[in-house]
Amino acid sequence: MSDNGSNPMRPYVGRLAGTKELATEIRLFQIELQEPAGKAAFANYRPGQFAFVSAFGSGEAPFGITSIPGRGDLLEFAVQRHPHGKTTNGLHRLDVGDPVGVRGPLGNWFAMDEIQGKDILVLGGGIGGAPLRPVISTILDNRDEYGKTTILWAARTPSLLIFTDEYDAWRAAPRTELHLTVDQRPPDWREGNEGLITTLLENVGPSPENTITITCGPPIMIHFVTLSLRKLGFTLDQMLVTLEGRMHCGIGKCGRCNLGDIFVCADGPVFYHSQVAKLLESFL
Amino acid sequence: MFRRPHQCRQLGGEFHHFLRLTTARPCLTQDNGFVSSAGYVHEEETHLIEQIRAKARELLESGRVSCVIGYEAATRGGTRPAFIYDPDGVDRLVWNRECYANLTTFLHDKKKPARRGEEVPNVAIMTKPCDSRAINLLLSEGQISRDKVYIIGLACGGMMAEGNLQAPCLRCNVRIPVLYDTLIGDPPDIDVTDDFEDLAELEGMSAEERLQFWLREFDRCIRCYACRQACPGCYCNVCEFDRDDSLWIGMQIELPQKYFFHTFRAMHLAGRCVECNECERVCPMDIPLSLLNRKLVKEVSELLGHRGGMTTDPVPFVTILADGEVSLI
Amino acid sequence: MMFMSHSSLTAWLDELAGERTLIAPRDVGRGHIHLRPVAGSSEITLEYDRPDLSAKEFLFPHTERLMQVEKRSDQVTLHDRFLEKGQVVFGLRPCDAHGLVALDALFRDREPADAHYTRRRQKTALVGIACPQMWESCFCTSLGGAPDDPTHLDVLLTAVEGGYAVQPVTNQGEALLASAAIEEVTDLSLPDIPRNEQVPVLAADQWPAHFDQEYWSRLGERCLSCKLCTFVCPTCRCFDLRDEPVASRTDLVLIERMRVWDACTAPNYRTIAGGHNSRPLKGQRIRNRYYCKFCYYPKDFGPLGCVGCGRCIDVCPVNIDIVEMLNTVYAMHQERDTVEAEAET
Ligand code: SF4
Ligand code: SF4
Ligand code: FES
């Protein structure tokens, strides 16, 4: 929880240290925090947590943190530019060296130590894959602690697949598989399959035994992935999901993100699907 | 609605004279199809409502429409919009001198199928003469198709508040709807000309006085957008004032922003406003929005001979694209 | 019982206005009374029922400037913006003060505390005036309040012959009254205010069973999706955050980050950047507003999210009436109980 002069709405000031084009209109922002309080707040963030990134003048928006602590000092966020999104446009206009603000880390996280010893099935769709990268990195950095790991990675087109330059490392890791799919495969693209992630999932046909699934993507994708997983015999308490939704405060105040009586920002964003299924209201 | 300030703007006399209802009005039962307002009783209306209900029943039973949009008794006097799907529900319908709301706004909700895969629904709608102009507006802008809407036209002698005709009704000279499929009631024999008398006082002011007048009015605005939401002509998918990336206006609920909101909205309705007074009716702060819109109605009708919704001619400011599509910008 | 004459009240208010911001009922045109900052007692009107908006707007204002961002070449400095001067809200009604209990629970008492609300709360004193009657749409007594309830105020005044009966409630209230000319009167009795009929309200855990009722979509059908009911409500607290530029020169850009009221009833409340709206139907949105008040809020934060002030009833242009809703949901619940009882026998 951020605690900056006990004003939770105040961002920590940082600087844009670098950017990288991840995919069409998706850019990786690497941020170096400058204020000591900010550095302290982000000393121990966890995979699955999120933060608000400010482009001063354009506003702030929430993004899953896509870096992991211990692998360098930079905070990383993958930001997709939306045509009418004021903040994402503002962020994409920034140059390296420009000041930015970061508010967080916020929300709960994937309890990576609780799922040690299990096989892991990671399902990422589009920009939804961003918060899953620290999950994958944690597994790869502690490879012996986790069982077989299968990554199903999807996007509408190959040009929208993110973290492409890490695929080789993922594939090279022991007991780790990466399967890619795109909705429509251009003739010259051979790296993966064609079709929705659910088709891919049913083709790969992972066993539910001692497995935990971790899904992040648009609501509609989570919905259909869940149906497919159930067909394969997975139960709802084997499924971890991280939800996205509209958020303005990130600390359970503004009311924007509620699903019934819970707040995605403060009670999530990571849930077991069995918890989500019990909610009065759900956008899955 | 109880304690809702009703505007009783008299022609001549005091510029704006507002009365607040201070006494509780009788609560109605759902089947009492008649509301009496401050002792006002209009004999024929009891048989008119029977005609309306019979028509509604026929339309629902024959499957011609799936929904009848009309008026029903509200909880604390007055009426409110009602949506009837079941022929047995038609007895909820009422028609009296307190049917203020312009129901055509709800046609926007019926433009799309209720569920994916279904057809766009056919609906019937109780339509007062002033409100009927909004249907023309929506037709001219390609929002609805004529065959999907069955218009139960209502001849109208004006709506009352506190025993007086409402101000817009005093100057209204459309006594039967400008289009309808069936007409209920006989047009009352009232002959008025709309000479824009209501604007005279404002037009007599200096620019500075007018500015001060409007700033004082807008000062009360809370940017609740009830005016915009109620207006049948305000249907942009994402309103400029809701856009995250609006370059025009900040989100502050402060005087400059309110002022800008209202002038912007008025401009967007120039030539399109159908003078139903709905924005002013719903405004919780009694901001005389009709004065603003009517000023533009006057200008457009004098300069271009166009009056919003009188016919299905599009407003002179739209661009008609090569394929016949109408663009408002 | 303590008593303050009209003239002492005037003198006291003028004195308060000198040292703090005095907020009081003021006629803002066409018969509308708003709580507004006033320079002195002469601007105050004492003839009103409920002000159009509650006292919420002075603790959680519709536009709160959270901070100012100063951008010079590639340096930014953030300047916090907080309320500096103390304020007295005079003439609010007991339900307005009751509404702050809900806001306190969320903004102040739930970690992390909101710095701006907390500061405003500390710097605000509440001097209420008891309602001379319960107006038609009032149902505060069904939700733990009362037209003459002093509980959440610092001082409660009650109109009596020739002036006001004075009840200090808190230490802050006592201190505030130190400079007032108050007499001790023995034969002063407070008026008995007739109560409106009680409205049945289900307990928080009884609501979920009715979430999927068709009633909500029927109710939503006539909703206009404006923000009116939430803006006048003493407890509704949805907000939006925006950066707005204030000044721009080549060497300096000033930006304000502000928090503005928003409403869960508005059409695009939940539309995310890609265009997906997770609450697209009017019935879903109006249901959320009511469930927030009677189910989620008490579960999450303790107090109910409604104090029965009736404002939303009075202003709704399409007669979405919270009392009718409460009665309907109660009836649905009764019916369910009967069905269940029958099933058991
Ligand atoms: S309805 Fe009235 S208060 Fe609401 S935005 Fe319109 S003018 Fe302002
Ligand atoms: S009656 Fe309406 S406005 Fe008043 S507290 Fe309850 S919900 Fe809010
Ligand atoms: S984002 Fe504000 S409550 Fe969750």
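Of note:
- Single residue of B:R272, B:R307, B:R281 found to be crowded, with 21+ Cβ neighbours inside 10 Å, away from ligand 3 (no atom under 16 Å from the Cβ), closer than 23 Å to B:L139 by Cβ and charged (D, E, K, R): B:R272
- Residue check for A:E76: open to solvent by 50 Å² or more (accessible area, probe 1.4 Å) and of a type in the set (D, E): no
- Of the set (1) more than 16 Å from ligand 3 (Cβ to nearest atom); (2) within 19 Å of A:K253 (Cα to Cα), all apply to C:V323 but (2).
- Verdict on B:C169 being in the same structural domain as B:T127 (by TED's automatic domain parsing), within 22 Å of B:I84 (Cβ to Cβ) and at pLDDT below 95: no
- Residue list for the range C:212-243, filter: farther than 9 Å from C:T265 by Cβ, at the interface with chain B (Cβ under 9 Å from one of its Cβ atoms) and assigned to a helix (DSSP H, G or I): C:R218, C:E221, C:F231, C:V232
- Failed condition for B:R97, given (1) open to solvent by less than 40 Å² (accessible area, probe 1.4 Å); (2) at pLDDT 95 or above; (3) within 23 Å of B:I176 (Cα to Cα): (2)
- With respect to (1) open to solvent by 10 Å² or more (accessible area, probe 1.4 Å); (2) closer than 28 Å to C:G275 by Cβ; (3) in contact with a strand residue (DSSP E or B) (Cβ under 7 Å, 6 or more places away or on another chain); (4) within 14 Å of another protein chain (Cβ to nearest Cβ), the lone exception for A:E35 is condition (2).
- Annotation: A:Q184 fulfils all but one of (1) assigned by TED's automatic domain parsing to the domain that holds A:L240; (2) touching a helix residue (DSSP H, G or I) at 6+ places or on another chain (Cβ under 7 Å); (3) open to solvent by 10 Å² or more (accessible area, probe 1.4 Å); the unmet one is (2).
- Residue list for the range A:214-272, restricted to those being of a type in the set (A, V, I, L, M, F, W, C), in contact with a helix residue (DSSP H, G or I) (Cβ under 8 Å, 6 or more places away or on another chain) and assigned to a helix (DSSP H, G or I): A:M221, A:F224, A:V225, A:L227, A:L229, A:L236
- Total residues in the range C:93-124, condition free of Cβ contacts under 8 Å to residues at least 60 places away in the same chain and not charged (D, E, K, R): 7
The rows are residues; the columns are (1) within 12 Å of chain C (Cβ to nearest Cβ); (2) open to solvent by less than 30 Å² (accessible area, probe 1.4 Å); (3) touching a residue at least 24 places away in the same chain (Cβ under 8 Å).
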position	(1), (2), (3)
A:S67	no, yes, yes
A:T87	yes, yes, yes
A:V96	yes, no, yes
A:P105	no, yes, yes
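- The one condition from (1) in a helix (DSSP H, G or I); (2) assigned by TED's automatic domain parsing to the domain that holds B:A56 that B:Y180 does not meet is (1).
- Restricting the range B:250-267 to residues that are under 16 Å from B:Y235 (Cα atoms) and touching a residue at least 40 places away in the same chain (Cβ under 8 Å), the residue that is nearest to ligand 3 (Cβ to nearest atom) is B:F261.
- Conditions (1) open to solvent by less than 10 Å² (accessible area, probe 1.4 Å); (2) at the interface with another protein chain (Cβ under 10 Å from one of its Cβ atoms); number of the one not met by A:E60: (1)
- Test: C:A55 is at pLDDT 95 or above and in contact with a Pro (Cβ under 9 Å, 6 or more places away or on another chain): yes
- Annotation: C:R110 fulfils all but one of (1) within 14 Å of chain A (Cβ to nearest Cβ); (2) assigned to a strand (DSSP E or B); the unmet one is (2).
- Flag if C:R119 is open to solvent by 10 Å² or more (accessible area, probe 1.4 Å) and either part of a helix (DSSP H, G or I) or among the hydroxyl-bearing types (S, T, Y) (or both): yes
- Restricting B:E203, B:E254 to those that are open to solvent by 20 Å² or more (accessible area, probe 1.4 Å), more than 11 Å from chain C (Cβ to nearest Cβ) and modelled with pLDDT of 85 or more reduces the list to B:E203.
The values are calculated or read from the model by the stated rules, or taken from the named source; none is laboratory data. Nothing here was measured: the structure is a model prediction, and the numbers come from that model. In this analysis, Cβ positions are derived from the backbone assuming ideal geometry, glycine residues included, and neighbour counts consider all displayed protein chains. Surface accessibility is based on the protein's heavy atoms, side chains included, excluding ligands, DNA and RNA. Shrake-Rupley method; radii C 1.70, N 1.55, O 1.52, S 1.80 Å.
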